[in-house]
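The block underneath contains the structure these notes are about, expressed in structure tokens.
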Ligand code: SF4
């Protein structure tokens, strides 16, 4: 493994020959020491108490890009509702999305549903126990396949997430981007002997724990580390510059959302924005990245018969590289609007329009021109059961005083 030498001002450690350390394998007693520390200090998390491959897979998918505390809040309830692949495969994808609300990255919920169907149809409801078959399943990438293979079936696969990559890169003083395939290959070689010599699932969990709680991104807590004398970066004094940082500019985004209430029902829409919010129900929202003009112009373009009333409040939220300020206005009806009570996909509606369904089951008037947008009137209880964007949860809490995060 070559290291980049273009670091500008170099720390005292760079004067040493870190390149020779970077190519070395981990010391023979590394795994014993790491695992002893893990058994003593590892967190007692519900997915570490089970051997059920389905439950472990669910936890792995939930934990991607999501904090452990947030997952703890949802994991048990999701498993209660969907205890196995068969139940999930037979379930309604919207219900699965609703149970996923609050975890973000809802495409994972959709892909878990597709995965459950594939496991039932192709493997009789049981995950296959080899890495190639795992990787052939929809929604399973290299990390998830390695995690499931090692945690569930004891296969010697290194599950390289951000925590493991950072810890191993520091242990071996690898100063390159851990996302590069050449670096990942090197990390696998580095860990291969240790993985073969120890329970692979425990080894991965212990390395993840080290990265998550001790070998922290900005300020590694080396004094609490079980293996500081085995860490090349620590010995060279270069641990804080590994991995190299690529600062993503944070984008400030302004949104304006409308709360329209009539007879105890609120007007909600789905599909007005692409990407992570595509499948989630939201308030009608003008997103400054996607739409120009005023909120009233946006509502008019969508053919939603409302206009902006007084400002009710504002909320802050974030999605990946965006910091969003959303101003919430009361919506006033322009005219008697149709009585949307049942949502209906616009696939059945005329091209370029969105329809709800009237109380008597007849199609409502078009609710907007955006193909793929659904719209409807819902009570608070019905909204709580929808796959709901986090911004809508915050808006209801802030403006209506209703907590929709607990159902
Ligand atoms: S010594 Fe410090 S940098 Fe090295 S693995 Fe331990 S916590 Fe990370």
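We did not get these values from a lab; they are worked out from the coordinates using the rules stated. The model shown is predicted, which means the values in this text are computed figures rather than measured ones. Cβ: placed from backbone, ideal geometry, glycine included. Neighbour counts: every protein chain shown.
Put the Cα centre of the range 42-89 next to the Cα centre of the range 105-170 and the gap is 13 Å. When the label point is put 7 Å from the Cα of residue 218 along its Cα-to-beta-carbon vector, which residues of the range 248-289 have a backbone N closer than 20 Å? Residues 248-252 qualify, since their backbone N sits under 20 Å from the label point.
Averaging over all projection directions, the Cα-based convex hull of the range 268-326 occupies 4.4 nm² in the image plane.
What's the FRET efficiency of residue 192 with residue 316 using the Cβ-Cβ distance as r and R₀ = 56 Å, to the nearest 0.05?
Efficiency, from the Cβ-Cβ distance: 0.80.
In this simple spin-label approximation, residue 235 and residue 402 carry label points 7 Å from Cα along the Cα→Cβ vector, and these lie 6.2 nm apart.
With an 8 Å Cα cut-off and a minimum separation of 6 or more residues, compute the relative contact order for the range 12-241 in percent.
Result for the range 12-241 is 27 percent.
By the equivalent-ellipsoid construction on the alpha carbon gyration tensor, the range 196-312 comes out with semi-axes of 51, 19, 13 Å, ordered largest to smallest. With the biggest extent put first, the Cα atoms of the range 12-241 measure 60, 31, 31 Å across the principal axes. With both labels modelled 7 Å from their Cα along Cα-to-Cβ, the residue 48 to residue 288 distance reads 4.3 nm.
In percent, rounded to a whole number, the relative contact order of the range 212-331 is 25, using alpha-carbon pairs under 8 Å and six or more apart.
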